[in-house]
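> Have a look at this one.
Read-outs throughout are calculated quantities, based only on the coordinates presented, and are distinct from any laboratory measurement. On a predicted model such as this, the values are computed, not experimentally measured, just so you know. Backbone-built Cβ (ideal geometry, glycine too); neighbour counts: all protein chains shown.
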Amino acid sequence: MNLIHLLQSQTNKHSTQPAIIDTYRRQRRVTTFAELDHQSAQIAAMLRQSGLRPGDAVLVFQSMSAELYIALGAIFRLGLVAMFLDPGQGKDHIEACCALHPPQALIAGSKAHLLRLVSPALRRIPQKFVVGRLVPGATSWERASQLPAHPDIFAGCDDTPALLTFTSGSTGQPKAALRTHGFLLAQHQVLSDSLHLTAGQVDLSTMPIVTLANLASGVTSLIPQADLRYPGRIDPAPVMAQIQTERVDSTVASPALLARLADYGLSKGKQLPGLKKIFTGGAPVFPHLLDRLRQLAPNAEVVAVYGSTEAEPMAKISTADISTEDKQAMQSGRGLLAGLPVDAIQLRIIPDRWGEPVGPYSGVEFAAVSCAMGEIGEIVVSGNHVLTGYLHGQGDAEIKFKVDDTIWHRTGDAGYLDSQGRLWLMGRCAARIDDQRGRLYPFTVECAVSAQPDVQRGAVVAHRGWRVLLVEFKRPIGAAQVAELMASLAWAGINDIRIVKKLPVDKRHNAKIDYSALQQLVID
């Protein structure tokens, strides 16, 4: 089954309902489900006319907008493969990704086409299409409006490739994650169930894969008036105004973006009483942010979601299910509570042997090696919405293993299951500290530090045999407060606290600590 069949079923039911509300040339723009379907069929006609055939990859450089989902609709309709990479990673990254899987077409905005000047790989792409202002050597997106809609949908099957994205491996070389239509359909079902997607709702959409799930569920997606490449730097005022004007029911967003909204709203005495659901993930979601979001949106259910590129989602927990005892545990080194695993996933904890191969196992061997309740190890998962491998098998040996005939995914995250079957996160296996005093996982300290009112974020690393805590404070603080923080962390054996202006975070979510950059910061 092609994912487009789900989108078309929503078009048949809700043709005049807004599918996407976005900002175009500084003006509010509404694209209905019927318009989205028709325009994607016209783009499909143009792509087909250019000679593209099922299985060909189309590289897409397009920000979240109606155009992005019109392009995806056209690509899926023809059985093509939508290919995404991050041009911000630089020329070498573009060259490496295109070498792994050479695209046959490029769809990009005018500015993105300038990358062709520095990238031989982009220049070699046979077919090029431009969204917006015309550029030499590219066919205008607008030409499709003169073509009759392409009526047919490539039937495909569960194993038909649909979406190709790239992630950096431990070597720094990109790995290609290929998702089939069957995978996307399974992921849609899990997201629909986990996020309670209901036709007719309005969702503030900040994550591309969630917007795709919205479209397949009849949910209206409001794309905020913000640069979503930098969620931790957005201007919160226009986004708050959009949420109120468009009567948004729900949102799925990164902690960094929601922290911006909470800081702005609470400092201005503003609330979002109309919001009914807030889901946040993609980076650690510490309790203090959940509490602030409940203040910002007093009528909303606030849910922290744990997932990854290869398995989204894995676990979730509502603030209503976090007890006072749970908060005390998180403040005293027990880690970060992620909640119950979602129904569609199999989740186990195995001994933390990160950096070494594991398996294959028989079912009996796997049961024997799996950690007991409360025992810390590496989180591993399997399920229909868990990626089973990478293109050309690159990275499979490090990240995948078999139990009988089932492929399991190694998350690289440490954690444990408590007596209620809930998952607790301890941080990246690779970021653990092993010294004469034992083993210390980063989230034990970082979760506790995050509860301090003056702390923006903190991170712990090992340096020359010392356990060093780097802290980014919200405001200037004195020596007495530093001493108080050190005393509160006596159980962690911290040797030194260093105050830094800014802790390095990941580029995508602006919320996950970049431990490689952190080590360099300690050395400097």
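> Among His196, His101, which comes first, then next, by fewest other beta-carbon atoms within 10 Å?
His196, His101
> Give me the distance in nm between label points sitting 7 Å out from Cα along the Cα-to-Cβ direction at Arg53 and Glu301, one decimal.
4.9 nm
> Please report the antiparallel percentage of DSSP beta bridges with both residues in the chain, rounded to the nearest 5.
Around 60 percent of the beta bridges assigned by DSSP in the chain are antiparallel ones.
> Between beta-carbons, use under 9 Å as the cut-off and find the net charge around Pro351, counting Lys and Arg +1, Asp and Glu -1.
Neighbour charge sum, excluding Pro351 itself: -2.
> So how do His392, His181 line up by other beta-carbon neighbours within 10 Å, fewest first?
The most exposed by this proxy come first: His392, His181.
> Which net charge results for the neighbourhood of Pro54, defined as the other residues with beta-carbon distances under 14 angstrom from its beta-carbon, given Lys and Arg at +1 and Asp and Glu at -1?
With Lys, Arg at +1 and Asp, Glu at -1, the neighbours total 0.
> To continue, here is another question. Taking 0.36 nm per residue of sequence separation and subtracting the Cα-Cα distance, how much length would be gained by fully extending the chain between Val364 and Ser323, in nm to one decimal?
11.2 nm
> Same structure again: Give me the one-decimal Kirkwood hydrodynamic radius in Å for the chain, with the sum taken over alpha-carbon pairs.
Details: mean 1/r = 0.0411 Å⁻¹.
When all Cα pairs of the chain are included, the Kirkwood radius is 24.3 Å.
> OK, next. Just name one of Met330, Leu117, Ala430: the one whose Cα is farthest towards the positive end of the charge dipole of the chain (beta-carbon charges, Lys/Arg +1, Asp/Glu -1).
Leu117
> Additional query: Output the antiparallel fraction of DSSP beta bridges having both residues in segment 438-523, as a percent to the nearest 5.
The answer is about 70 percent antiparallel.
> Given charges of +1 on the Cβ of Lys and Arg and -1 on the Cβ of Asp and Glu, with all other atoms neutral, how large is the dipole of segment 438-523 about its Cα centre, in debye to the nearest 20?
Working: 12 positive and 7 negative charges, 53 e Å.
In total the dipole reaches around 260 debye.
> Further question on the same structure: Mean separation of Cα pairs under 8 Å and 6+ residues apart, divided by the residue count of the chain: what relative contact order is that in percent?
Averaging sequence separation for qualifying contacts and normalising by length gives 10 percent for the chain.
> What FRET efficiency comes out for the pair Asn384/Lys501, r = Cβ-Cβ distance, R0 = 51 Å, nearest 0.05? Could you put the intermediate results ahead of the total?
Details: r = 45 Å, r/R0 = 0.88.
The formula returns an efficiency of 0.70 here.
> Restricting things to Cα coordinates, could you compute the convex hull volume per residue of segment 337-486 in Å³?
Expressed per residue, the convex hull around the Cα atoms of segment 337-486 is 162 Å³.
> Moving on to the next point. With labels modelled as points extended 7 Å from the Cα through the Cβ direction, what inter-label distance (nm, one decimal) is found for Glu484 paired with Gln244?
Modelled inter-label distance: 3.5 nm.
> Length gain on complete extension for the stretch Ala99 to Gln520, per 0.36 nm per residue less the alpha carbon to alpha carbon distance?
Value of the extension gain: 148.5 nm.
> Do the sum for the chain: with -39,500 (n - 2.57) for every DSSP H run of n ≥ 4, divided by all residues, what is the mean residue ellipticity at 222 nm, to the nearest 500 deg cm²/dmol?
-9000 deg cm²/dmol
> Can you figure out the FRET efficiency of Tyr230 with Ala155, using R₀ = 51 Å and their beta-carbon distance, to the nearest 0.05?
Numbers: r = 40 Å, r/R0 = 0.79.
Efficiency, from the Cβ-Cβ distance: 0.80.
> Which value in Å is the Kirkwood Rh of segment 438-523 over different Cα pairs?
Working: mean 1/r = 0.0761 Å⁻¹.
The answer is 13.1 Å.
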